[in-house]
1. Rounded to whole Å and ordered largest first, report the semi-axes of the equivalent ellipsoid of the range 354-414 derived from its Cα gyration tensor (root of 5λ).
2. Per the Cauchy relation, a quarter of the hull surface: what is the mean projected area of the convex hull of the alpha carbons in the range 302-448, in nm²?
3. Show log10 I(q)/I(0) for the range 42-123 at q = 0.16, 0.19, 0.27 Å⁻¹, two decimals, from a solvent-free Debye sum over equal Cα scatterers.
4. Starting from the Cα gyration tensor of the range 1-95, multiply each eigenvalue by 5, take the square root, and state the resulting semi-axes largest first in whole Å.
5. Please compute the modelled spin-label separation between ASP279 and ARG184, points set 7 Å along Cα→Cβ, answer in nm with one decimal.
6. With labels modelled as points extended 7 Å from the Cα through the Cβ direction, what inter-label distance (nm, one decimal) is found for THR393 paired with GLU28?
7. Based on the Kirkwood radius over alpha-carbon pairs, what is the Stokes-Einstein translational diffusion coefficient of the range 366-448 at 20 °C with 1.002 mPa s viscosity, in µm²/s?
8. Quick check: the distance between the Cα centres of the range 395-448 and the range 110-124, to the nearest angstrom?
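Bear in mind these aren't lab numbers, they're just calculated from the coordinates by the rules spelled out. This structure is a prediction, so every number in the text was calculated from the model and none was measured. Ideal geometry is used to build each Cβ from the backbone, glycine not excepted, and the neighbour counts take in all protein chains shown.
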Amino acid sequence: MSLVKIALIGAGSRSFGPSSIKDVLLSEPLADRGVELVLMDIAAGHLKDSETYARKVAEKLGRKTAITVTTDLETALRGAHFVVTAIEVDRFLYWSQDFHVPRKHGFRQVFGENGGPGGLFHALRNMGPMVRIAKTMERLCPDAWLLNFTNPEHKLCEAVSRLTPVRNAGLCHGVFMGMEQMARILGMPVEDLDGAACGMNHFTFFQTIRDRRTGDDLYPRLREIEREGDWLHDWHEIGLARILFRRFGLWPSPAANHYGEYIRWADEFVASELQYFYDPADGHPWQTGRIPEFVYSLSGDVTGRPWKKAETEPEPFELNALLHSGELAVPIMEGIACGVRRRLEAVNVPNRGAIPNLPHDMVVEIPATVDATGMDPESMAPLPEPLAALMRTQASIHQLLVEAFAEQSRDKLIQAMLLDPTVDSYRRAIECVDEMLALQKDILPPLK
């Protein structure tokens, strides 16, 4: 059999690059089958560290893996069996815009990554390169799987699914965050929990949660213990989760600042003001080039720090602890290429009836099984109607956004904007769209 060709697109990333390289090289089934690993990034300077790391890991593990490096997309994709993507350009510069500009116009944007007005522009920026990768795969490796880590997962996977025939799945570890939260509340090791969650990326709900050893339903116990907890315990991560759990009956994942993007009233429960804080009197980051620190979470007292922050150099890639990252790209490869049957806790794929009360073509996040025959999503029960209603609105937003991209239509973008739960003014919505289109014109697709 031929070597399994794996193309990592965005391999120069300091997080995605080393973790994906390490996962591929740690895999015994892939090593037995034989791997050709291609590292691709448009930034040649970033690739050098990734190549050095890959060769050192291969040497340390005794792998005979063929490793090549390229800045040319067609070279990377020609004949590939798996294409793994994690791509961003000036992420934190644009993220600061995604967060602050909608709030400037009065919209209570939470986080600004996957949902809300900011999420629309994050998606549009990445749709161009993602669809270009998929269309290149159509020509050069039409039978390959596209495994995507780039956010916003659901919006990008929907664009690839609607605009190309390429088989693709979006991968996210958010469901594991929800499992860890419930394990802490229950006082159990997370490995003893067996849960099945579904919904859409960064907005999933556990339909079942059981004790893996006994099979007992843990939801009654979780409801009882949750009622006893101090409200401010881990507020930033689970304060909103507890309200959703009480009102709608299911525990959500991954964390408040993620699913809070899709809920109009979430800002009451998320300490958002510190994210990307800067003094506007000194100029906006996109004017000065000084990108403020991104504060992901208030956990661990992030404000308890020295008066002057020490300058730090990027840490070298770690060779000592070669452990699997826990991401699902390599288990999918082992299943499809090597016949190793695996259960996948969460993949983002077109619904096709898996969640009965969500639209057929909407990209949803659901468990699945993978083996040599392919990927088989699990059939889930209907979601509680209030949660399904929230997600159906997002399904319409995703469809309109893909149409805005494909048709280069500013009108469709405005329609998507006006459906967003956080948008409460037509005039300010138009002003926000126009300002974002002007600020990001060099990286957004042309809209007429």
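1. Working: eigenvalues 146, 63, 7 Å².
Each semi-axis is √(5λ); the values are 27, 18, 6 Å.
2. Numbers: hull surface 62.5 nm².
Quarter of the Cα hull surface area: 15.6 nm².
3. Per q value, in the given order, log10 I(q)/I(0) is -0.78, -0.88, -1.25.
4. Values: eigenvalues 102, 43, 25 Å².
Result for the range 1-95: semi-axes of 23, 15, 11 Å.
5. 3.4
6. 5.0
7. Values: Rh = 15.3 Å.
This corresponds to a translational diffusion coefficient of 140 µm²/s.
8. Rounded to whole Å, the Cα centres lie 11 Å apart.
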